[in-house]
1. What is the diffusion coefficient of the protein assembly as shown in µm²/s, taking the Kirkwood radius over Cα pairs and the Stokes-Einstein relation at 4 °C with a viscosity of 1.567 mPa s?
2. Treat the count of other C-beta atoms within 10 Å as a stand-in for reagent exposure and order B:41, D:91, B:31, A:126 from fewest to most.
3. Where in chain C are the DSSP H helices whose alpha-carbon span along the long axis reaches 30 Å or more and whose Kyte-Doolittle mean is at least 0.0?
4. Using Cβ counts within 10 Å as a stand-in for footprinting exposure, how do D:32, D:62, A:23 rank, fewest first?
5. Compute the length gained on full extension between residue C:34 and residue C:69: take 0.36 nm times their separation in residues and subtract their Cα-Cα distance, giving the result in nm to one decimal.
6. Let me know the mean shielding of B:52-58 by other chains, meaning the per-residue number of their Cβ atoms within 10 Å of its Cβ.
7. Run a plain Debye calculation on segment C:1-68 (Cα atoms as equal point scatterers, no solvent) and give log10 I(q)/I(0) at q = 0.17, 0.25 Å⁻¹, rounded to two decimals, same order as the q list.
8. Would you list D:20, B:25 from fewest to most Cβ contacts within 10 Å?
Amino acid sequence: MIVPLDLVLFLVLIVTAVLALAVKDLLAATALLAAYSLFAALLFAGVLAVDVALVEAALGAGLTGVLFVIAILATTRHSSPRPDARRRWAVLPLIVAFLGLMLFASTGLPDRGDPDAPAQRGVSQTYLADSYADTETPNVVTSLLADYRSMDTLGETMVIVTAALAAALVLIRRVDDPSDRTDDPRDTPGGDADLDRDLGPADEDGYGGRGPR
Amino acid sequence: MIIVANVLVGAGLFFLVVSAIALLIMPDVYTRAHAVAKSETLALLLLFGGLFFRPELTLDASGLLALVLIFSLIANPTAIHALLRAASRSGALPWTVIDQRLADEELRGGTS
Amino acid sequence: MIGAYPSVVVRVVCALLSPFILMFGLYVVAHGHYGPGGGFAGGVFIAVGAILPRLTLPEELAYRLVPPAAGPLAGGVGLLLFLLVGTLPLLVGGSFLDYGAVEIAGLEASRVRYLGILVVEAAVGLAVFGAMVLIVDVLTGKDRP
Amino acid sequence: MMELLLDRYIYVLVLVLLAIGLYGVLVKGDLVKKVIGLTIFSTAIYLFFIEGSLQEGGTAPVLMPDPENPGEFLNDPLLYVDPLPHLLILTAIVVGVGVVGVALALLVRLYRTHGTLDEAVIADRLAGKAPDIPAADERRDAFDVEDAGDGDA
């Protein structure tokens, strides 16, 4: 009986999502986001999407967290709250309307796990039946990824490399660029020789960042 | 065979429950991490040891399981070490008996 | 934010673990035919094996393992390899990315497609590895000469 | 109504996740929080797709060996869940991480020029309403790295 576990995992997922958006400390929010991705990976594994679970656990829970932590270290750790009540009251009806519309639309979707759903009757039957004869590959996801739908994969690979190059274009700078007002200690030569990279206190009125060794 | 596996897995689950309880009732980050690090590493060892004795396990799967066990045993204490080091550097003070006594006295003074 | 982590335990363990993570990534890329895994997951694992030393080891040591030029280079080489494999069937009259059209003596068409999948997975893994390493390098601000 | 909910409760939960992510993207003033909301939103979409691929009585889409004649594999489509959404989501996850990387690079760039990640402040400054850029020592408030020791090595 997998359904109750499913439900519990989903509730944990919702709680972590709310907390990740609610906490003030951005590092804590990043940790909660990684936990959220890990629970999502568990859910993927629970509905037998093993490849997706592997990628989500490695990328969503691992590398995304690393990227967030690096970016937070390069910027600031404190979330700037700026509660904008007007915008919240303008957006909430929008979200409620979105939810209502989607709930209405979801009544037309097939039941969960229905073998007669239209999506199950499509091309994937052919893929499953022919995969081994065509490519000698038991893992159908791999043969789909690299053979039947390799044009798709080519496009995605291009998108990833382009995204990395775009990130490089945004951040790479000339040494004599006057518009670059950088005065953080990492940019001064020799400034980070013995930099201790542990973080400062989470709250300004804490213990002053110097606990016992 | 299956009895040994079940006993080991049960012991592992027991230690996992103990570590979860310790996470809830311990007073500060150091004692929590102390309790969780030890009992969880032991629970991992017992769980995987129990899984080795399962009859449906093939040879290459048990090899993979052994690799996972070895790397978990290395990485788990290291992660907790790094976590506690960061906690110490960012100023988390350890809980002491004096704190508890002061709190008790305050409580008593307040209620009487 | 690159530099030696000030705790010797973490440094030693990360230095010991990263080659094994790299090896596991290669295993995942090669094992994609028979189980979960493949180019995307394997590329991410290899990238993690390259990023872990950057976060914990001294800079020159980490760069000796995987130099900063490896990011854009691997991304470009992976994409180029994918395109080359895709163009190969065009030369013998097949359509784009249809590896089965290439005739190799002694191999059936399904076997050729099997090999084509392997090469494409390796190319995707290289590209993902390069992209992830490049993003991390750029965010840590150590990419400039 | 109850029957419908029991069969479709997964859609309701996914929709709640979507709403949370949307709220984060639209309402939160901090730009990092906006990226976190974006990640939550996209993960909810992945969950929706993967739940749609589930098929009662199917196993993971890795072909099982045929017990009767060795060397062959069982390829009855009713035995396996639908592999096509898995492929689509597999690539979407990796592209999502690429998107997060670009977004974080833009954030770091914004912080270097404006000294803040508050969306309202940056918008005001771009509109010319708040011209003053904070002093350098206000910017790295969180990390007092100046007097750091060399650790316990």
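1. On the way: Rh = 26.7 Å.
Stokes-Einstein gives a translational diffusion coefficient of 48 µm²/s.
2. In order of increasing Cβ crowding within 10 Å: A:126, B:31, B:41, D:91.
3. For chain C, where a helix must reach 30 Å along its axis and average at least 0.0, the hits are C:8-30, C:70-91, C:109-139.
4. Values: D:32 24, D:62 21, A:23 16.
Ordered by Cβ neighbours within 10 Å, fewest first: A:23, D:62, D:32.
5. Taking 0.36 nm per residue and subtracting the Cα distance, the gain is 9.3 nm.
6. Values: counts 0, 0, 0, 0, 0, 0, 0.
The shielding value for this peptide is 0.
7. -0.59, -0.96
8. Values: D:20 21, B:25 9.
Ranked by crowding around the Cβ, least crowded first: B:25, D:20.
All of the numbers you see were taken from the coordinates with simple rules; none came from a lab. Worth saying up front: this structure is predicted, and the values here are computed from it rather than measured. Glycine also receives a Cβ, built like all others from the backbone with ideal geometry; neighbour counts cover every protein chain displayed.
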